[in-house]
Structure formats: structure tokens, C-alpha cells
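Encoded as C-alpha cells, the structure appears first; notes follow it.
Read-outs throughout are calculated quantities, based only on the coordinates presented, and are distinct from any laboratory measurement. Since the model is a prediction, treat every value here as computed from it, not as a measurement. Cβ coordinates were reconstructed from backbone atoms using ideal geometry, including for glycine residues, and neighbour counts include every protein chain displayed.
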Amino acid sequence: MADQRARDLRARATDAERLLWSRLRLLKPKGLHFRRQVPIGRYCVDFACHSAKVVIELDGSQHAEPSQIAYDGARSEFLISRGYQVLRFWNGEVFTNRTGVLDAILAAALRPPPEICAREGRARISTSPQGGGREKPSRANSR
């Protein structure tokens, strides 16, 4: 079921997802293999690099809605608890600040995977100077 959902999402990719995907594929020679629409647990993330433990989410304006913010926060906490860094970018950033978005992704992917905080049960994540991967309190971690 998750695999079918992932296939459907890949077939209906947004313009921002298609553009970022074309750039992420260029990182393969650096040893970074990204996949798109990847099932992780009960979620399907936009992009993931399992070896670097990085998840990238691209967000449209609907992700500013309070109910979506709460959902995205729970989703991020789940991914973080699995050791992933979660980088979030607005769709518009992919078009207006492509270099900054890619620099933030590359920097995160080349860092060692985040440590799992035994006491907190979640990973420490770093902030993105471009604003897409900024760290937020868990209940406000929005896409």
C-alpha cells in the first residue's frame, strides 16, 4: 500500500519537486543517493538519503494552516526519533533560492548523522541558514 502511494506521488510531483529532484540526482557522485517519495513508517517523505539520514520536505502554503502545522510536527518528531534530520523548504525557495537550498541540503548530508538523544528520544538537528531546515519546537515544527 505504501509503495503504491509512493508511486502515485511520484507520478503527480509538483514543479518544485521535479526541479529539486533533477538537482539531487547530481549529488550521486558525492556518494549521496536520494530517493523521492520514500515510505518511512506510516509516512511518505518527499526525498530521503538513508545513508546520510536526511529527509527533505517541500511545502506549499497549506502547510501554514494550524492543523497542518500540528500534523507536520508529529511527522517530524517521528522521523527525528528514527535518527533523520528533517529539512523543510517552502516550494518557492526551490525556485528563488535554488543554490541556497542545495547548499543547505549538501551541508546537512555531509555532516555525520545526528546523534539520538537518549533522554529526549529524538535526534539533534541543525538549523539551515536558508530557513528551510530551521529547528523549531517540536509542536510547531511545520512544513
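If you take all other residues with their beta carbon under 14 Å from the beta carbon of Asp103, and give Lys and Arg +1 and Asp and Glu -1, the sum is +3. Count Lys and Arg as plus one, Asp and Glu as minus one, and take only other residues whose Cβ is under 11 Å from that of His50; the net charge is then +3. Less than 5 angstrom separates the built amide H of Glu57 from those of Leu87, Arg88, Phe89, all sequence-distant by 5 or more or on a different chain.
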